[in-house]
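Below is one structure, written out as structure tokens, with a few remarks after it.
The values are calculated or read from the model by the stated rules, or taken from the named source; none is laboratory data. All of these numbers come straight from a predicted model, not from anything done at the bench. Ideal geometry is used to build each Cβ from the backbone, glycine not excepted, and the neighbour counts take in all protein chains shown. SASA here: full protein model, heavy atoms, side chains in, ligands and nucleic acids out. Shrake-Rupley method; radii C 1.70, N 1.55, O 1.52, S 1.80 Å.
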There are 2 protein chains.
Amino acid sequence: MKPQNLLLPLSGVVPEEIFTLLLQGERFKLERIVSAGQATPPGEWYDQDTHEWVLLLSGSAGLAFAGETEVCVLQPGDYLHIPAHQRHRVEWTDAQQKTVWLAVHYK
Amino acid sequence: MKPQNLLLPLSGVVPEEIFTLLLQGERFKLERIVSAGQATPPGEWYDQDTHEWVLLLSGSAGLAFAGETEVCVLQPGDYLHIPAHQRHRVEWTDAQQKTVWLAVHYK
């Protein structure tokens, strides 16, 4: 058995967020997301049919939730559960380093 | 929404490994494991009914797999898929710092 690494290699330009499927189950999937300063376009919201559990592994990010005024700031090790149809958006991701997320989407 | 953190607080003595259920789905569960130098007792093997995807978040560890001579060393960010009934054991975990794992068990 040889491990793979979620954090490497992350050098180089990341013009768009990178989504990598790590594991596909019957009712869940696990993915890695790499951001490099991207944010959800102004005025747009995610409104997902599945629940999401998300962990920030490196970098940092700010998430906004519909109905909340304060942006939720995530640092490495921070995780959140986002219920299906909880509208949310990524306000910002770290512009100085890559932000790596691990997300579990499930029904 | 307020995040929780997988890596803190981790101070203090950890006489036994700590298992924390983070998320329970219909056919999967997500848990955090914190080790502090523990290993699987000599001669014992894990033989699990479920598949496991495991990610090492901090610390380090050595995993042995039945039929393999080399111990698989995991560093932060390393992940592995361990199929159900793939016999394995934890040969060692870091004695100097806490080792934090994220494990997905699924059917």
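Please give me the summed charge of the neighbours of A:Cys72: other residues whose Cβ is under 10 Å from its Cβ, Lys and Arg +1, Asp and Glu -1. All intermediate terms of the calculation are to be shown ahead of the outcome.
Details: positive: B:Lys2; negative: A:Glu68, A:Glu70, A:Asp78, A:Glu91.
With Lys, Arg at +1 and Asp, Glu at -1, the neighbours total -3.
For chain B, what is the charge dipole size about the Cα centre, in debye to the nearest 20, if Lys and Arg each add +1 at the Cβ and Asp and Glu each add -1 at the Cβ? Intermediate results must be reported in sequence, preceding the final value.
Working: 8 positive and 13 negative charges, 88 e Å.
Dipole of chain B, to the nearest 20 debye: 420 debye.
How far, in nm to one decimal, is B:Phe19 from itself in the other copies if the label point is set 7 angstrom along Cα toward Cβ? Shortest first, please.
Label-point separations across copies, in nm and ascending: 3.3.
List the distances, in nm and shortest first, from the label point of B:Leu8 to the matching label points in every other copy, placing each point 7 Å from Cα along the Cα-to-Cβ direction.
2.7
Test of understanding: extend the Cα→C-beta vector of B:Gln48 to 7 Å, then name every residue of the stretch B:14-32 with backbone N under 12 Å from that spot.
Output list for this probe position: B:28-32.
Just need the relative contact order of the stretch A:19-107 here, percent rounded to a whole number, with Cα pairs under 8 Å and 6+ apart. List each step's numbers first, then the result.
Details: 222 pairs, mean separation 37.8, N = 89.
For the stretch A:19-107, the relative contact order is 42 percent.
Provide a whole-number value for the mean count of partner chain Cβ atoms within 10 Å of the Cβ atoms in peptide A:63-71.
Values: counts 2, 1, 1, 0, 0, 1, 0, 2, 1.
Mean partner-chain Cβ count within 10 Å for A:63-71: 1.
Give the dimensionless ratio obtained when the Cα radius of gyration of the protein assembly as shown is divided by 2.2 N^0.38 Å.
Values: Rg = 17.8 Å, N = 214, 2.2 N^0.38 = 16.9 Å.
Its radius of gyration relative to the 2.2 N^0.38 Å reference: 1.05.
Report, to the nearest whole %, how much of the accessible area of the stretch A:21-107 belongs to carbon and sulfur atoms, 1.4 Å probe, protein only.
Answer for the stretch A:21-107 is 47 percent, counting heavy atoms of protein chains only.
Ordered shortest first, which distances in nm separate the 7 Å Cα→C-beta label point of A:Tyr46 from those of the other copies?
Label point to label point, same position, other copies: 2.8 nm.
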